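Engineer: Sharing a structure here in structure tokens format.
The values are calculated or read from the model by the stated rules, or taken from the named source; none is laboratory data. All values reported here derive from a predicted model rather than from experimental measurement. Here the Cβ is made from the backbone with ideal geometry for all residues, glycine too, and neighbour counts use every protein chain on show.
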Amino acid sequence: MAVADNGFVLFDGAMGTELQKRGLKTGGLPELLNLTDPDVVRSVHRDYVNAGADVITANTFGANSRKLGSAEKVREVISAGVRLAREAGAKRVALDLGPTGAMLAPLGTMSFDEAYDLYREQVLAGAEAGADLALVETMSDLLEAKAALLAVKENSDLPVYVTMTFAADGRTFLGTSPAIAAATLSALGADAVGVNCSLGPEEIEPFVGEILEWSTVPVIVQPNAGLPDGSSGETVYRVTPEQFAAAVGRMLDAGVSIAGGCCGTTPEHIRLLRAEMDGRTPVKRQIRRRTVFTSAQKLVCADGGIAVIGERINPTGKRKIKEALRAQSFDYILNEAISQEEAGAELLDVNAGLPEIDEPGTLTRLVTALQAVTPLPLQIDSSDPAAIDRACRVYAGKPIINSVNGKEESLEAILPLAKKYGAAVVGLTLDENGIPDSAEDRLRIAEKIVRRAGEYGIPREDVLIDCLTLTVSTNQRLARETLRAVGLVTERLGLKTVLGVSNISFGLPNRELINATFLANAFAHGLTLPILNPMSRRYMDVVTAWRVLSGEDAGCGRYIETYVNQTTVYETAPARGKAAAPKEGAPTGDGKVDITQIVLSGRKMLIQDAVREALKTRAPMEVINELLIPAINAAGDRFERGQFFLPQLMASAETVKLGFDVIRDSAGAGQMVSKGKILLATVKGDIHDIGKNIVKMLLQNYGYEIVDLGRDVPPELVVEVTRREHIRLVGLSALMTTTVKAMAETIQMLRASGADCKVMVGGAVLNEEYAKLVGADYYTKDAQDSARVARKVLG
Amino acid sequence: MPGSEYIVDRSEVLRYLGYRGQEMSPELDALVDRLSERCRVCAKPRYLWRVFDLSCDAEGRPVLEESGVALRGVDIKKHLDGAVKCAVMAATLGFEVEREMMRLGRRSAVEELIFNAACTALIESVSDVCEREAADYARGLGLVTSFRYSPGYGDFPLEQQADVLGAVEARMRIGITLTDSMLMLPKKSVSALMGLYPAESGVKRGGTSCERCENREFCQYRKEGYGCGG
């Protein structure tokens, strides 16, 4: 069935409001009325049929097995729901799919797969019952909307319309704007996208404008009959049918082709809207094709100029990232993401490719974790199609896939994934014969990639070409060929190009100079998506300057703002969390007194120089045992005596940690300073991890290496990492009485696995006795206490 | 909901951090101010409340009339003893503070801790505004309200969180969801019930609810004799 095949499509109005009118209470599950009170449900549907609605929405909004208890019940309720709509005389019946009611990871605890499975059950039931289309509606979470949309597309042939609901600030409760929703969901293959619920028709008009601007598919609106006016008791909606129909009528003129009502609307609202539709023909919308990438909170459009892709989340040549990936302890990587964002990156490349790890699993977990700490859209970078598949699946937005190339095998593996997930895709100009020397031959491969992408239904604007940078010191002629290829692809094919610049200078001194010069030239040839290290001031200077020369930085405002009080000095910016040490005021002498004072006063600015100074005359272990540990002990004593409160102890601990970082960096990879590894996790189902984070920081400052698995950690992962990393002390936290049982389960699994480790536990609802009950070896009443346990177990 | 009504009370922030008058460095002092401001910027406070008629089911449990929710446990029954109506409120700071807390936690546990305390102070302030609104409404009916009582207090089961939030459509209207273990998300959210009593009934306003709190055994504030102010 085509969308809007007879011009406009009119949906029905509110079910809940009508049920309340018929005496139903607001609590409970209204979907169960399909079984217990079918006549009432059918009569509401019939009123909407009589009002002229083309589509009747079955009473299945919350009919998932999380709420109803079992898949059989889901089937029963949905089957009855679709039947009742049909019996009421519906021309078409929509299977209604609302939110699951749970929040997805990373902010919540439900996994993408769990949400998908709930929707899959509903879709199978709805298709079997004979629904004509699916309506995914009232979504706040873009990822949940995606789960529902994919569940429909992968388990049925039903057309699927998706609407999200926005608050007065123009965002969903999770921060998604109408533009982001429209761009992402149309790329994912929704048959219509739009807005429902939210507010009244007047209030949502600007949202509808945004959706019309960014959607490449028909647009649907289902507003409320105004704002709920419910502070004192019953909810009252004040927009009259006349006002409603007039306001929605204006949206029809603006390009909306599918409309209906949400909360507070009645058959009369729908009847008048029918009249509005009957008096019009749909307007022909101008659909703009633009290169767009999104996360749930940010839209980046590459048509307006350069968008910088941060390259640093990649284990190649980076020891700390390798370690983090092996241990599944992502803090370091998440910090790299935030640092790159702060340095001006607009997208982040994410690569978790290490031969010895489970790349699909690791990349998927990393992509999930990254979405909690950065709003930047991601470029999912892997040579393993399975890893790309799974990571794209859990990504809330429209990502870039890096990459496909001209080889048949690659095209066949990657292009279907880009299509399925509505992703943009980077095409490398190489094929079975390797990388051609000449720009013309690279252009030919680019042509082939974009043609093949088109055959899979991927629009041209979503194909980005990487003309490939080769090392200039081994073949000087080819640098120019790469630049020429960028020019040819830009001009002849009209495609956007991606280019990693760092390889150009391999083997040469002062690499940044070569890279920056190459970058500037690539911009001149048309490059829009450079992949680079945004922490390099020099590259970002080139970017800022080119934006002036290209006209992107209109009026040079951004440039002036950046440089008005700045001179350029080419040093790589310090990593996040490591404040640049001031040159003056660094302590001298043997450092002992200074270091204790620095630590007690929490002066992070001074500690690194003080430790460097101490390392000149002492061995690293000596600095740790004679300077840093006594200093943190002194802070601990003050805390115990009540002279410090917790933030003071922690500020001291963070200061010591910076000192440790200096020692680790100077000791090098072969000579790591560690008193042993401790695994920390907040157990499955619990997301209160602040206590665990405090423990972690403190333990780090006693010289222990922490493997932090984060929060809501499945027991299996704790066991797997404990065994693989030969962990001898595991610390678990839980805050709620309801999640302590997950703690017991984790300990049980650890014991059953034969892992040779001790377990300490902590959390607000635990005590000595309770800790024994869950099978722990140690109860820790606070962070200081955990350090005592660590000393006992690991020395 | 004008934002100026809500405050991040510095002395409250410090109290949540366990401050007992220690001498603070200027850096720490500034950090508390900076993170309190950050909290104010990131938070999107939303709240709602609704007054229900109270009735009684066959087992003698109080029932929120318009939603049909029966409230379980001896303690909530005691709390609502003599009440003629019941206000249900829910308040939240939204998800942006959750994200910000996760970002801060990657950089610094101290910043995370202080930000968390600032958020706790703010959600309390938002809840107070909400409570005052409901109390004003009650006054208009010639009624007075009791203090806020939440699922999980005493023997009022945490599992009823779903019923309480459902009664005011908190998910749809202000975005509060529940996990399977009954945690509210966003974490900085509050749900509570307040009885509405005839003014002459002499119901006690304010005071603490320690005796009925399920955390009373473990509560650090209580051990130290301060109380959490709840």
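Engineer: Quickly run through the range B:94-111 and pick out the residues that are at the interface with another protein chain (Cβ under 7 Å from one of its Cβ atoms), more than 21 Å from the chain's Cα centre (by Cα) and not polar (S, T, N, Q).
Structural biologist: Residues satisfying the conditions are B:Met102, B:Arg103, B:Gly105, B:Arg106, B:Arg107, B:Ala109, B:Val110.
Engineer: Report yes if B:Ala91 is within 11 Å of chain A (Cβ to nearest Cβ), in contact (Cβ under 8 Å) with a residue 40 or more places away in the chain, crowded, with 24+ Cβ neighbours inside 10 Å and touching a strand residue (DSSP E or B) at 6+ places or on another chain (Cβ under 7 Å), otherwise no.
Structural biologist: no
Engineer: Something else now. Among all residue pairs at least 6 apart or on different chains, which show Cβ distances below 7 Å where the first residue, located in the range A:694-717, is in the same structural domain as A:Leu628 (by TED's automatic domain parsing) and the second is surrounded by 22 or more Cβ atoms within 10 Å (Cβ to Cβ)?
Structural biologist: none
Engineer: Of the residues A:Ile211, A:Ile204, which single one is touching a residue at least 24 places away in the same chain (Cβ under 8 Å), out of contact with any Leu (no Cβ under 7 Å at 6 or more places or on another chain), more than 27 Å from A:Ile458 (Cα to Cα) and not assigned by TED's automatic domain parsing to the domain that holds A:Tyr395?
Structural biologist: After applying the criteria, what remains is A:Ile204.
Engineer: Only one of these is surrounded by fewer than 22 Cβ atoms within 10 Å (Cβ to Cβ), among the hydroxyl-bearing types (Ser, Thr, Tyr) and outside the structural domain of A:Phe112 (by TED's automatic domain parsing): A:Thr471, A:Thr429, A:Thr482, A:Thr497. Name it.
Structural biologist: A:Thr471
Engineer: All but one of (1) in contact (Cβ under 8 Å) with a residue 40 or more places away in the chain; (2) under 20 Å from A:Lys153 (Cβ atoms); (3) in contact with a Leu (Cβ under 8 Å, 6 or more places away or on another chain) hold for A:Phe244; state the number of the condition that does not hold.
Structural biologist: (2)
Engineer: Can you find, within the range A:421-445, the residue that is nearest to the chain's Cα centre (by Cα) among those that are farther than 23 Å from A:Asp389 by Cβ and in a loop (DSSP other than H, G, I, E, B)?
Structural biologist: A:Thr429
Engineer: Kindly evaluate B:Arg50 against the criterion of being at pLDDT 95 or above, of a type outside the set (A, V, I, L, M, F, W, C) and either under 18 Å from the mean Cα position of the chain (by Cα) or surrounded by 14 or more Cβ atoms within 10 Å (Cβ to Cβ) (or both).
Structural biologist: No; evaluated as a whole, the condition is false for this residue.
Engineer: Another one. Could you please find all residues in the range A:529-546 being touching a Leu at 6+ places or on another chain (Cβ under 9 Å) and either within 14 Å of A:Arg511 (Cα to Cα) or at pLDDT below 95 (or both)?
Structural biologist: Within the range A:529-546, A:Leu532, A:Arg538, A:Tyr539 meet the criteria.
Engineer: How many residues are crowded, with 24+ Cβ neighbours inside 10 Å and of a type in the set (Gly, Ala, Ser) when one looks only at the range A:694-709?
Structural biologist: Qualifying residue count, the range A:694-709: 0.
Engineer: Follow-up question, since we're still on this one. Any idea how many residues of the range A:726-765 are away from chain B (no Cβ under 12 Å), among the hydroxyl-bearing types (Ser, Thr, Tyr) and touching a Gly at 6+ places or on another chain (Cβ under 7 Å)?
Structural biologist: Qualifying residue count, the range A:726-765: 1.
Engineer: State all residues of the range B:88-116 that are among the hydroxyl-bearing types (Ser, Thr, Tyr) and at pLDDT below 95; if no residue qualifies, say none.
Structural biologist: If the condition is that a residue be among the hydroxyl-bearing types (Ser, Thr, Tyr) and at pLDDT below 95, then B:Ser108 is the only one that fits.
Conditions tested, residue by residue: (1) assigned by TED's automatic domain parsing to the domain that holds A:Thr184; (2) in contact with a Ser or Thr (Cβ under 8 Å, 6 or more places away or on another chain); (3) modelled with pLDDT under 95.
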| position | (1), (2), (3) |
| --- | --- |
| A:Ser232 | yes, no, yes |
| A:Arg238 | yes, no, yes |
| A:Gly249 | yes, no, no |
| A:Leu252 | yes, no, no |
| A:Arg274 | yes, no, no |
| A:Val300 | no, yes, no |
| A:Gly304 | no, no, yes |
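Engineer: Could you check the range B:151-168 and list, in sequence order, the residues that are buried (at least 20 other Cβ atoms within 10 Å of the Cβ) and without any contact (Cβ under 8 Å) to a residue 60 or more places away in the chain?
Structural biologist: Selection gives B:Pro151, B:Gln161.
Engineer: Among the candidates A:Gly775, A:Gly754, A:Gly691, which residue alone is crowded, with 20+ Cβ neighbours inside 10 Å and not aliphatic (A, V, I, L, M)?
Structural biologist: A:Gly691
Engineer: Could you tell me whether A:Val662 is within 23 Å of the chain's Cα centre (by Cα) and more than 10 Å from chain B (Cβ to nearest Cβ)?
Structural biologist: No; evaluated as a whole, the condition is false for this residue.
Engineer: Of all residues in the range A:625-648, how many are free of Cβ contacts under 8 Å to residues at least 40 places away in the same chain, within 11 Å of chain B (Cβ to nearest Cβ) and within 40 Å of the chain's Cα centre (by Cα)?
Structural biologist: So the answer is 3.
Engineer: Further question on the same structure: Within the range A:84-195, which helices (runs of 4 or more DSSP H) (wholly inside it) include 1 or more residues that are surrounded by 24 or more Cβ atoms within 10 Å (Cβ to Cβ) and within 11 Å of chain B (Cβ to nearest Cβ)?
Structural biologist: Correct list: A:142-155.
Engineer: Does B:Lys44 count as more than 10 Å from chain A (Cβ to nearest Cβ) and charged (D, E, K, R)?
Structural biologist: No; evaluated as a whole, the condition is false for this residue.
Engineer: Quick check on the range B:57-69. Is at least one of its residues surrounded by fewer than 23 Cβ atoms within 10 Å (Cβ to Cβ), touching a helix residue (DSSP H, G or I) at 6+ places or on another chain (Cβ under 8 Å), more than 8 Å from chain A (Cβ to nearest Cβ) and within 23 Å of B:Arg107 (Cα to Cα)?
Structural biologist: Scanning the range B:57-69, I find no residue that is surrounded by fewer than 23 Cβ atoms within 10 Å (Cβ to Cβ), touching a helix residue (DSSP H, G or I) at 6+ places or on another chain (Cβ under 8 Å), more than 8 Å from chain A (Cβ to nearest Cβ) and within 23 Å of B:Arg107 (Cα to Cα), so the answer is no.
Engineer: Having 3 or more residues that are surrounded by fewer than 20 Cβ atoms within 10 Å (Cβ to Cβ), free of Cβ contacts under 8 Å to residues at least 60 places away in the same chain and hydroxyl-bearing (Ser, Thr, Tyr) is the bar; report the helices (runs of 4 or more DSSP H) wholly within the range A:320-414 that clear it.
Structural biologist: Output list is empty.
Engineer: Select from the range A:273-298 the residues that are in a loop (DSSP other than H, G, I, E, B), more than 35 Å from the chain's Cα centre (by Cα) and in contact (Cβ under 8 Å) with a residue 40 or more places away in the chain and list them in ascending order.
Structural biologist: Selection gives A:Arg280, A:Thr281, A:Pro282.
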